Every structure is written in structure tokens, then in C-alpha cells.
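Chemist: Questions regarding the structure given below will be posed in turn.
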Amino acid sequence: MKLRVVVLGAGFGGLELATLLSAALADRLDLTLIDKNDSFYFGYSKLDVMFGRKTPDAVRLPYSNIVKPGVRFRQERITAIDPEARRVTTNNGTYDADVLVIALGADYDQDATPGLTQGGNEFYSFAGAERLREVLPTFSKGRAIVGVTSTPFKCPPAPSEAALLLHDHLTTRGVRDACEISLVMPFGVPIPPSPATSKALLVAFAERGIAFVPDRLVRALDPARHVAILDDESEMPYDLFLGIPKHRVPDVVAASGVALDGWIPVNPKNLETRFPGVYAVGDVTSVGTPKAGVFSEGAARVVAASLIAGLLGGEQPSSYTGAGSCYIEFGGDRVGRVDVDFLSGPSPTGSFIEPSSTLVGEKQYFGSSRRARWFGL
Ligand SMILES: Cc1cc2nc3c(=O)[nH]c(=O)nc-3n(C[C@H](O)[C@H](O)[C@H](O)COP(=O)(O)OP(=O)(O)OC[C@H]3O[C@@H](n4cnc5c(N)ncnc54)[C@H](O)[C@@H]3O)c2cc1C
């Protein structure tokens, strides 16, 4: 008997899960991996694309490269999830599963921030990053704001990275002196679990003349007056707004009844939802880690180990620790790293490794090792 697994979403979590189950179970596995897109891209590629460091085509990893025993990829849009029956409906048919894994990530609700689509830009979607390739070269003087509009949001270091890379971009073009950069964040410091990382980022902002506006969200833009309105009703004038839009679960998840209070609750030890045989990993959950690829991947590893132990025998894995490393672009061709652990202790901890060119290579290896493992490229 083969284990019928249906994995919803081929992002960090779905790809890691399919890869591990295939390697361990091969012909005992009947896994369908479903995604509406034809290719994957790393979240951080959006920064490369918006600042013109890479072309959109160079960062796309087509799913057609997935060739793994026991795994079939389907490019279909999921339209309904029945967690009790473990049945999934797509634009092309239905799938029944012994084990269902929801790895559908976080979607964006751009309309939740009045004025954002009319008077601003966002760089969290691939389309938004592509648009900014055209917009950024036209910005040569005035006030730029990188602003978070809502919590939670993916990859908490990304707004800081965008501000630092914007500084480099404007400096290279010789227009930095004519521009101001501000970063509006909902935290007191850039990376709350890691004081050392926060300190390094605050020093980097100060050295580059980037204004850090702590403990605030951007509630709305008034495009007619060119002002951003913050959650304390104060106003900041802008000429270029780079926003982090409100995040939410994909509509199909909201309609399925698996989510509660906005996200899918899971048992933090093994990522099972309250529906037996239905797991959820990554950004779509409220497991308590930040929304970042490394955590989606780590959660997928725990689910994979548990399913493999269940089928082949052996020990169940130890609990999910919510640990992972995030690379942080500091600009100037240097990358730092923060190693964080969210669930194993009483409160989150994070240690910092100073930016260096060595870590640039390590980040490249992070990408290339996953390209090889997931896509055979
Ligand atoms: C600018 C930026 C920089 C980032 N940098 C980093 C970084 O350096 N390190 C890091 O770890 N993380 C980073 N991230 C975060 C990272 O990209 C996400 O946290 C990660 O992709 C989440 O993985 P996931 O598997 O949970 O979901 P996702 O990777 O988002 O995958 C979900 C998949 O589900 C599919 N899907 C959704 N709805 C449907 C549907 N109805 N039908 C079919 N398919 C559907 C989507 O197409 C998608 O492929 C960054 C994000 C951004 C925006």
C-alpha cells in the first residue's frame, strides 16, 4: 500500500516535504504536489529583481524540473479544501489523501491599506518587485519611505535590507545626497529577538543616514498630498513609497474553516492541525515562528520525519524547535546572519554573525543547495 500524500503549495515547505518523502519512501509514496504557478523563486530574489541585480528570468526555477520517485507535480489552482474528508478540489479535478499538508503560504491584501495601490509600491509580490525595476531608476530626489503596514509580515529583516540596498542603489547612481530614506517598522528595534543584530542594523542605518522610525505602522497613504499616515495619525511626506502589504491566508484556506483568528493553528510539536491527518507548515500557520522560508522548511522536515517513522517504523522525531538562520543583506556586497530559536526556550533568542563577503558565499550556497535538492539543477 502506498501512502497517498497531497501537498498544497510548492514553496519552501512543500518542496522540502516532497523531497524528503521521495528520498525515504520512493515507490511506497504516491505524492501529488500542487501549485498554481509554473515556477518557484526564493523570497530574497525579489530584492535582486527590484534593484536590477538579477533579471526575473534568472531567478525563476520551473517546476517542470521536478523529477522525483513517487512525486507528481500538478500546476493547478486549488479551489476548495475539505479537511474532514481530506479532499482537495482544483480547477482540474479532485484529490483524496491519507495525509494532507497545507503549505500555501501567505497572500497579500493590498486594498487593506488605503492609497497603497494608487500612490505607492510594494516589493513583497514578484509582480511588485518587477514593477519597481522600472520605478526605482526614475527616483532621483526627494523622500523615500520603506514602510510596514501590518503584522505579521514575512521575513522581518527584509524591510531593513530594502532600506540598505536602496541606499546603495541611490549612491551608485550618484543621487543619494538628494534623497532621504526612512524605515517605518512596528518594532522598537529592527530584529527584536536578537539585540546584537538590531544594534548592527541601527549602526548601519546611522552610518548611511537612514532614519529608523520604531513602533509604528503605515496605516494609509494620501496620494494627492504625498503623505503616509501612521497608526498614531502622524504624517510623513514621501515621493517614493516601498510598502510591505498586509498579509493574510489565501482565500481558499479562509473558506475551508481550517484557519482560526486569521491563520492555521497547529500543534507546535508536530504541525498537525485539529483535523487528523491534516498538517500545515510555514507562513500559512500561527505556529509562533516568523514567516520565513527557513522556518517553513524546518517545519516540513518534522512532518516528513514523523510520516517516515510512521510508515517505516522507528522513532518519532523530536519536537519542532522553530530554529533557523536568516541571511541579511547589509549592502556594500556584505551579508550578515542571525541564528534564531523561537520555540525551544521560554522566549525567542537570536545570535548574530557580522556581515562579511564570506557570508555572501554562504547565502549563495543556501540557494544553490536547494536548487540542486529540489529541482536537480
Ligand atoms: C522580500 C522578501 C525577502 C525574503 N527573504 C527571505 C530570506 O532571506 N530567507 C527566508 O527564509 N525567507 C525569506 N522570505 C520569506 C519567504 O519567501 C517565505 O516565508 C517562504 O516562501 C514561505 O514558505 P511557504 O512554503 O510557507 O510558502 P510559499 O513559499 O509562499 O509557498 C506557497 C505556495 O502556495 C501556492 N499557492 C497559494 N495559493 C494557491 C492556490 N489557491 N492554488 C495553488 N497554489 C497556491 C503559491 O503559488 C506558492 O508557491 C522573504 C520574503 C520576501 C517577500
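Chemist: For the pairs Lys54/Lys363; Lys46/Lys199; Lys154/Lys363; Lys269/Lys291; Lys291/Lys363; Lys46/Lys154, flag any whose C-alpha to C-alpha distance is greater than 21 Å.
Modeler: Among Lys54/Lys363; Lys46/Lys199; Lys154/Lys363; Lys269/Lys291; Lys291/Lys363; Lys46/Lys154, the Cα-Cα distance tops 21 Å for Lys46/Lys199.
Chemist: Within 10 Å of each candidate Cβ there may be at most 10 other Cβ atoms; applying that plus a DSSP loop requirement, which GluC sites (Glu not before Pro) in the stretch 297-377 survive?
Modeler: Glu315
Chemist: Quick one: net charge of Pro62's neighbours, Cβ under 15 Å, K/R +1, D/E -1?
Modeler: Here the count lands on +3.
Chemist: For the chain, set up a GNM with springs between Cα atoms under 10 Å and report which of Ser347, Ser194, Ser22 has the largest fluctuation.
Modeler: Largest GNM mean-square fluctuation: Ser347.
Chemist: Next up: Among Glu272, Glu233, Glu76, which one shows the biggest mean-square fluctuation in a GNM of the chain, springs joining Cα atoms closer than 10 Å?
Modeler: With Cα springs under 10 Å in the chain, the top fluctuation among Glu272, Glu233, Glu76 is at Glu233.
Chemist: Report in % the part of the accessible area of the stretch 1-135 that belongs to carbon and sulfur, leaving out ligands and nucleic acids; probe 1.4 Å.
Modeler: 44
Chemist: Something else now. Return the tail of the calculated pair distribution for the chain, meaning the percent of Cα-Cα pairs more than 37 Å apart.
Modeler: Beyond 37 Å sits 21 percent of the P(r) for the chain.
Chemist: Still on this structure, I have one more. May I ask what percent, to the nearest 5, of DSSP beta bridges between residues of the chain are antiparallel?
Modeler: Of those bridges, close to 50 percent are antiparallel.
Chemist: Please list, in order along the stretch 130-136, the HN-Hα scalar couplings obtained from phi with the Karplus expression 6.51 cos²θ - 1.76 cosθ + 1.60 (θ = phi - 60°), rounded to whole Hz, x for Gly and Pro.
Modeler: 5, 4, 5, 4, 8, 6, 4
Chemist: Follow-up question, since we're still on this one. Just need the relative contact order of the chain here, percent rounded to a whole number, with Cα pairs under 8 Å and 6+ apart.
Modeler: 19
Chemist: Here is a follow-up. Where both residues lie in the stretch 1-69, what percent of DSSP beta bridges are antiparallel, nearest 5?
Modeler: Percent antiparallel among DSSP bridges in the stretch 1-69 is about 25.
Chemist: From the square roots a ≥ b ≥ c of the eigenvalues of the alpha-carbon gyration tensor of the stretch 237-377, which class results: rounded (a/c under 1.5), prolate (a/b over b/c), or oblate?
Modeler: Since a/c reaches 1.5 but b/c is at least a/b, the shape of the stretch 237-377 is classed as oblate.
Chemist: Whole number in Å², please: accessible area per residue of the chain, 1.4 Å probe, ligands, DNA and RNA not counted.
Modeler: 42
Chemist: According to the square roots a ≥ b ≥ c of the eigenvalues of the Cα gyration tensor, what is the shape class of the stretch 25-128, taking rounded for a/c under 1.5, prolate for a/b larger than b/c otherwise, and oblate for the remainder?
Modeler: oblate
Chemist: By the gyration tensor of its Cα atoms, with a ≥ b ≥ c the square roots of the eigenvalues, what is the shape of the stretch 327-377: rounded for a/c under 1.5, prolate for a/b over b/c, or oblate?
Modeler: Because a/c hits 1.5 or more and a/b fails to exceed b/c, the stretch 327-377 counts as oblate.
Chemist: Also, quick follow-up: For the chain, modelled as a Gaussian network with Cα springs under 10 Å, which listed residue fluctuates most, Val203, Val284, Val258?
Modeler: So, out of Val203, Val284, Val258, the one fluctuating most is Val203.
Chemist: Any idea what the relative contact order of the stretch 73-133 is, in percent, if you count C-alpha pairs under 8 Å spaced at least 6 apart?
Modeler: Relative contact order of the stretch 73-133: 16 percent.
Chemist: Same structure, new question: Amide H of Arg219 versus every other amide H placed in the peptide plane: which residues, excluding those fewer than 5 positions away on the same chain, fall under 5 Å?
Modeler: Close amide H contacts, sequence-distant or interchain: Ile229, Leu230, Asp231.
The values are calculated or read from the model by the stated rules, or taken from the named source; none is laboratory data. A quick note: this is a predicted structure, and the numbers were derived from the prediction, not measured. Cβ: placed from backbone, ideal geometry, glycine included. Neighbour counts: every protein chain shown. Calculation scope for accessible area: heavy atoms of the full protein, side chains included, ligands and nucleic acids excluded. Shrake-Rupley method; radii C 1.70, N 1.55, O 1.52, S 1.80 Å.
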